[in-house]
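A short write-up of the structure that comes next.
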Amino acid sequence: MDITSDIRLKGKAWEQAISELSDIFVTRTNYSLFMLSLAIGIMYDKRIPSLDEDGDENRSVPRNVINTHDNGKLDFFFQAAILSTTTEDKKEDERLELAFGDEKTEFNKVNFLLQFANYGVTKLVELIGDTPLETMEKIKNFLVTSIEGNNFEIDELMLEEMEISEDDL
Amino acid sequence: MSKSSDEIVDEMIVFIEKEEKDLQAAKRANEKGTRTDIVNRILQKLDTEMGDEN
Amino acid sequence: MKIKTIEYENFRNFKDYGKIKCSTDGRLTVVYGKNGDGKTTLHQLFQWVFYGQIKFNKTTTDTLYNLALNDEKNYEDRFDVWGRIEFEHDGSNYSLTRTHTYKKGIDSTDKISEDFSLQKEDNEFNWKRVDRPNEAVERMLPSGLAEYFFFDGESMIADLRVKGRDSASKLRKAIYSMFDLDIVESALGHIGKADLKSTVIGKLYISKGTTVSSGSDISSKMTNIEMSQNKIEKAKEDIAKEENERKKQKQTINEISEKIGSTKSKEEYEEKRQKYVKERDAFIEKTKEDMQAFGNTIIEKYPQIIISKVVNDAKNKLKLKVDSERLPEGVNKRLITYLSSMNTKKCICGNTLGVAERSRIKRYQEMLPPLSYSSTYQDFKKTVERWKTDYDKDELESKIRAVISDQEFAHNRDRDIINLDEEEKKSGDIEDLIIARQEATDKVTELDESLSARKGLLDKLNLFLKQEMKKFDELTEKNEASQKASAKIEIMELVAQVFTNKLNIAAEEYSKKLQGTIQNLLDVMLTSKRKVSVSSDFTVRVTDSYNDESKSEGQFAVVSFAYIGGILKMIRENEDLKEKEFPLVLDGPFSKLDADQRQNVVDMLPELASQVIVFSKDDLHDVLKEDYVGNIYTITSNEEKNIAQVEEGKLWT
């Protein structure tokens with residue numbers, strides 16, 4: 001993916017996440033939170049086009065950080081997203097083309113990913129507790145239940161989606 | 001009839017011991033019992049024993 | 001008597017209602033409590049309920065009610081301080097309650113009334129009030145022996161260290177009252193001497209001049225005698241007052257010296273504090289680092305792990321054809337190109353490449369870009385699959401635990417700093433202490449001078465009195481009144497002699513008896529040979545084989561146990577008291593004993609009394625025999641040490 005500009009993180013949720021979680025995610029905070037939120041958003045398979053307009057704060061993921069530290073992860077995440085999402089009404093060929101094909105396309109990949117991240121950060125913000133320790137505990141539990149498959153929210157969503165996808169395909 | 005010294009001494013001893021015991025009991029029950037009372041009583045007893053009614 | 005229960009509410013630092021059930025089956029009741037938590041207070045509670053008397057340590061207040069409770073009360077509120085002891089005596093059950101009622105005023109809270117009641121249970125289990133409860137209690141548990149039924153081992157040790165004068169005089173008083181010798185002493189006081197005007201002999205003496213007219217020589221001598229006797233009495237009072245003051249000042253000097261000795265210098269305090277601050281800050285740093293380590297681990301691994309799961313689960317959501325088309329393992333573009341070339345006749349596995357085979361190979365070719373993304377997709381899946389293996393739940397949990405432990409350590413160190421600062425505040429400046437001590441020392445010097453002067457005056461007065469008495473004797477020698485008086489004086493002096501002999505013989509007898517009993521007990525309890533001697537004024541001395549006096553606290557501790565043991569044994573052997581059973585409520589200095597001594601002392605406890613209740617600030621469970629352990633309680637206190645309570649069981653580990 002060719003990142004030509006910083007990824008703007010607009011919205012109260014981003015503001016809150018960055019200010020409250022910067023003690024835990026110290027290294028390249030904005031990038032780290034973006035990647036985590038992105039993964040969460042893709043896991044839930046939900047997108048939010050744009051969070052509410054916020055104040056004057058300028059939060060973004062600097063493009064040089066991505067270019068230096070990302071090592072192609074963003075591409076992989078995009079591939080995973082485009083190949084698994086039900087939020088986009090595309091046929092298999094198109095998905096494969098977008099995933100593995102040429103860079104040159106009209107499709108705004110960055111914006112696509114940002115929307116997942118917007119959803120993800122709202123989930124992340126729910127995990128903020130009264131103390132950093134509480135937050136850490138909640139994050140851990142969230143991750144464990146999501147990965148081990150006890151996250152009922154996701155299971156429900158998946159069931160819903162399965163019904164939709166049966167009809168669509 | 002005059003008693004011998006020994007008899008008088010014995011009488012006084014018995015008397016004083018009783019007086020003192022009563023005084024102690026009275027003290028414990030928080031009743032008043034002054035020293036002069038007992039001293040005077042001893043003196044009186046002594047007078048009686050020695051046959052001197054002055 | 002056997003004490004069954006003791007209840008209380010609002011008694012000094014025991015703010016809320018509490019109850020202790022004592023073992024009455026011969027087992028030991030233990031109340032554990034640290035110094036400052038209220039152990040001594042609870043020990044004193046027993047004496048307060050029975051006798052209304054309580055000894056206060058100089059460093060504490062002398063209010064009976066709980067200060068925190070008083071703070072909660074409003075102006076004009078009334079509240080009670082009360083204690084109740086239920087006991088059995090001579091086959092009957094009794095309930096003894098003492099209540100003090102207080103009223104909160106504007107500036108102070110004052111006691112407005114008191115109540116003391118004793119109730120006895122009759123045969124029909126009804127409680128009936130007993131008349132004259134003080135006398136009844138006195139008969140059951142003589143107050144003269146209260147020191148020994150409610151024995152405070154710690155203060156005994158303190159006293160032994162200063163020659164044991166206090167305990168000697170207390171013991172003398174107790175023994176005298178036990179054997180009615182105090183009556184004899186009092187009698188001697190009343191009989192008196194010629195120069196003591198308000199005594200029998202004193203009055204008889206002065207009566208030698210009664211039949212004489214005033215203005216005569218004799219009467220002037222009488223006047224002089226009375227006058228000097230008055231002055232002597234006053235002088236003695238003044239001297240006693242100043243000597244008391246001097247004693248207090250000396251005590252203050254000792255206390256301050258101890259404080260100075262134990263006060264850490266400012267330097268030490270600073271050093272320690274710095275160390276603590278450094279450690280605390282290091283752990284605060286470490287907490288941050290561990291938190292970051294947690295964060296880093298998550299970011300490094302978890303977005304990918306999540307994506308891995310997504311890709312895996314995706315096949316349930318979107319049925320991608322590409323998922324089911326599979327290139328066999330090891331089949332790649334190069335191989336396919338080679339095999340599909342017309343020049344290749346045989347497959348690498350050895351089979352001939354016929355039509356069927358070639359058509360299959362063609363299908364594989366179709367899976368490759370640019371014709372198809374199947375193979376790319378498979379590669380993608382493989383990569384993503386590998387990410388899953390990074391998942392390690394324990395890794396995250398252990399990082400959280402690290403943060404918790406760091407935080408705890410930092411918090412504890414913080415508390416240590418706070419405690420250190422508080423201690424420092426309390427201990428005050430050494431300089432202030434030194435000044436205070438100097439002031440006390442100066443006062444002592446002043447008092448010494450004044451006392452010396454007063455004693456000088458007293459000597460002069462005594463001399464003068466003697467002089468006048470001699471002249472008076474000479475002048476009244478031939479009087480009839482004088483003759484009569486002299487005869488009476490003689491009788492009284494004989495009486496006094498009888499009494500004095502009685503006292504001396506008894507003092508000798510009982511002190512020697514006590515000495516024997518204490519020595520026996522000491523021989524059992526101590527591991528080294530020590531000789532105890534009890535003088536006829538009941539001073540206790542302990543010496544080693546070189547006749548050097550003991551100085552060790554540990555030995556004094558053992559002696560204090562032997563002491564109470566000896567006294568209780570003597571009490572049991574007393575004619576009047578031997579039928580009675582007395583409890584022993586003991587605040588024991590167990591910490592000052594070494595392991596062997598502790599075992600010996602504890603083994604001996606059952607012999608001291610039929611009911612033993614022990615207060616201890618040291619864990620005794622390693623030396624107590626299982627079948628001797630009865631009810632156990634522990635005193636716990638809040639941090640400010642102004643609210644305490646008693647809980648069942650041994651709460652120390």
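Since every read-out is calculated from the coordinates, none of them should be taken as a lab result. Values in this document were obtained by computation on a predicted structure and should not be read as measured data. Glycine gets a Cβ as well: all are built from the backbone with ideal geometry, and neighbour counts include every protein chain shown.
Take the Cβ-Cβ distance between C:E423 and C:K470 as r, set R0 to 56 Å, and report the resulting FRET efficiency rounded to the nearest 0.05.
Numbers: r = 66 Å, r/R0 = 1.17.
Given R0 = 56 Å and the Cβ-Cβ separation, E is 0.30.
Looking at the protein assembly as shown, what % of its DSSP beta bridges pair antiparallel, to the nearest 5? Numbers along the way, then the final one.
Details: 51 of 67 bridges.
Once the DSSP bridges in the protein assembly as shown are tallied, antiparallel ones form about 75 percent.
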**Report entry** Cα-projected label distance for C:W652 with C:L335, points at 7 Å along beta-carbon direction, nm
**Finding:** 7.7 nm
Report summary line: Output for the range A:1-56: trypsin sites (Lys or Arg not before Pro) sitting in coil per DSSP, at most 13 other Cβ within 10 Å, listed by number, reads none
Query raised in the report: Which distance in nm do the two modelled labels at C:K34 and C:E289 give, with both placed 7 Å along the Cα-to-Cβ direction?
Result: 3.2 nm
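Given the convex hull of the Cα atoms of the protein assembly as shown, what is a quarter of its surface area in nm²?
Details: hull surface 266.0 nm².
Reported value for the Cα convex hull: 66.5 nm².
Could you compute the longest span of chain A free of GluC sites (Glu not before Pro) located in DSSP loops and having at most 10 other Cβ atoms within 10 Å, not counting the site residues?
Numbers: sites that count: A:E53, A:E103, A:E106.
In chain A, the maximal stretch lacking such sites is A:107-169.
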Report task. Could you check the simple spin-label distance between C:D576 and C:K111, using points 7 Å along Cα→Cβ, in nm with one decimal? Result -> 2.8 nm
Requested in this report: Anything in chain C that counts as a DSSP H helix reaching 24 Å or more along its axis (C-alpha) with Kyte-Doolittle mean of at least 0.5? List them, would you?
Outcome: C:553-573
Report summary line: chain C: longest segment with zero exposed chymotrypsin sites (Phe, Trp or Tyr not before Pro), where exposed means DSSP loop plus at most 14 other C-beta atoms within 10 Å, is residues C:126-545
Query raised in the report: So what's the gap between the Cα centers of the range C:248-309 and the range C:373-440, to the nearest angstrom?
Result: 10 Å
Report task. Determine, for C:L475, C:L433, the number of other Cβ atoms within 10 Å of each Cβ, and report the residues in order from fewest to most. Result -> C:L433, C:L475
Query raised in the report: Mind listing which trypsin sites (Lys or Arg not before Pro) in the range C:53-126 are in a DSSP loop and have 16 or fewer other Cβ atoms within 10 Å?
Result: C:K55, C:K58, C:K73
Requested in this report: Within 10 Å of each residue's Cβ, count the other Cβ atoms and sort C:I430, A:I66, A:I40 from fewest upward.
Outcome: C:I430, A:I66, A:I40
Query - Separation between Cα centres of the range C:592-623 and the range A:116-140, rounded to whole Å - result: 58 Å
Query raised in the report: Relative contact order of chain C: what whole-number percent is it, with Cα pairs under 8 angstrom and at least 6 residues apart?
Result: 25 percent
Query raised in the report: What is the set of long-range amide H partners of C:N93 at a cut-off below 5 Å, with H atoms built 1.01 Å from backbone N?
Result: C:E121
Report summary line: Counting Lys and Arg as +1 and Asp and Glu as -1 over every other residue whose Cβ sits under 10 Å from the Cβ of A:F112, the net charge comes to +1
Report summary line: Percent of all alpha-carbon pairs of the range A:11-87 at distances over 15 Å, whole number, is 61 percent
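Show that you can apply the helix-only estimate: for chain C, add -39,500 (n - 2.57) for every DSSP H stretch of four or more residues, divide by all residues, and state [θ] at 222 nm to the nearest 500.
Details: 19 runs with 372 residues, N = 653.
So the helix-based figure for chain C works out to -19500 deg cm²/dmol.
Take C:T40, C:T99, C:T211 and order them by how many other Cβ atoms sit within 10 Å, fewest up front.
Details: C:T40 22, C:T99 16, C:T211 13.
The fewest-first ordering by Cβ neighbours comes to C:T211, C:T99, C:T40.
Quick one: length gained pulling C:E124 to C:K513 fully straight, 0.36 nm per residue minus the C-alpha distance?
Details: separation 389, 0.36 × 389 = 140.04 nm, distance 4.52 nm.
My answer for the length gained is 135.5 nm.
Please identify every one of the GluC sites (Glu not before Pro) in the range C:596-640 that sits in a loop by DSSP and has no more than 10 other beta carbons within 10 Å of its own beta carbon. Working shown, then result.
Values: sites: C:E607, C:E626, C:E639, C:E640; in loops: C:E639, C:E640.
Sparse-neighbourhood loop GluC sites (Glu not before Pro): C:E639, C:E640.
Could you calculate the contour length gain from C:D548 to C:S591, that is, 0.36 nm times the residue separation minus the distance between their Cα atoms, to one decimal place in nm? All intermediate terms of the calculation are to be shown ahead of the outcome.
Working: separation 43, 0.36 × 43 = 15.48 nm, distance 2.43 nm.
Gain on extension, C:D548 to C:S591, equals 13.0 nm.
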**Report entry** Relative contact order %, the range C:460-617, counting alpha carbon pairs below 8 Å whose residues are six or more apart
**Finding:** 18 percent
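Normalising by the residue count of the range C:168-278, find the relative contact order in percent from Cα pairs under 8 Å and 6+ residues apart.
On the way: 40 pairs, mean separation 10.8, N = 111.
Relative contact order of the range C:168-278: 10 percent.
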Query raised in the report: Once phi is turned into θ = phi - 60°, what whole-Hz ³J(HN,Hα) does the Karplus curve with 6.51, -1.76 and 1.60 give for every residue of the range C:580-594, x standing for Gly and Pro?
Result: 8, 10, 10, x, 10, 10, 10, 9, x, x, 5, 5, 7, 8, 7
Report summary line: Ranking C:M492, C:F538, C:L522 by how far each Cα lies towards the positive end of the charge dipole of the range C:487-560 (+1 on Lys and Arg Cβ, -1 on Asp and Glu Cβ), the top one is C:L522
